[in-house]
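What follows is a short report on a single structure.
Computed from the coordinates by the stated procedures, all read-outs in this text should not be read as laboratory data. Bear in mind the structure is a predicted one, so any value in this text is a computation, not a measurement. Positions of Cβ are generated from backbone atoms using ideal geometry, with glycine treated the same way; all protein chains shown enter the neighbour counts.
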Amino acid sequence: MEKLIIPEQDVINAICFYHARKKYVLPEQVEVELMYEDDRGFSAEAYVNGQQQFFDTADMIAALRLWLKEFLNEDPFAAAIKLVLDDEAGIIAEVQ
């Protein structure tokens, strides 16, 4: 697989899809906020039906792997996924 850049909106979409599967709701019902802190790294919070779920970096990578499999028909475990904080693009993922 050549290098692929997943933009911030698709990172959010991946987490929405992943969380929706776990909660048996539609992805459109999930709201996601991405975060980066120097001491904690990447994280996200997902909200559905008034409940909050915290995602650490590993959870975010798992969501991206599911997204790669379901939407791009790529082998999710043959890819190296790295989250990146880009000054202009926000939180993106690099896939190789």
In the stretch 2-39, GluC sites (Glu not before Pro) in a DSSP loop with at most 12 other beta-carbon atoms within 10 Å = 2
Hey, rough spin-label estimate for residue 31 and residue 9, points 7 angstrom out along Cα→Cβ, what's it come to in nanometres?
-> 1.9 nm
Mean-square fluctuation maximum in Gaussian network of the chain, Cα pairs under 10 Å, restricted to 54, 71, 17, hits 71
Roughly how many Å is it from the Cα centre of the stretch 52-96 to that of the stretch 11-35, as a whole number?
-> 13 Å
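Would you calculate, for the chain, the mean residue ellipticity at 222 nm contributed by helices, counting each DSSP H stretch of 4 or more residues as -39,500 (n - 2.57) and dividing by all residues, to the nearest 500?
Numbers: 2 runs with 32 residues, N = 96.
The helix contribution divided over the chain gives -11000 deg cm²/dmol.
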Sparsely packed trypsin sites (Lys or Arg not before Pro) within the chain, loop by DSSP, other Cβ within 10 Å at most 15 | 3, 40
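Please report the equivalent ellipsoid semi-axes of the chain, computed as sqrt(5 x eigenvalue) of the Cα gyration tensor, largest first, in whole Å.
Details: eigenvalues 83, 58, 23 Å².
Square roots of five times the eigenvalues give 20, 17, 11 Å.
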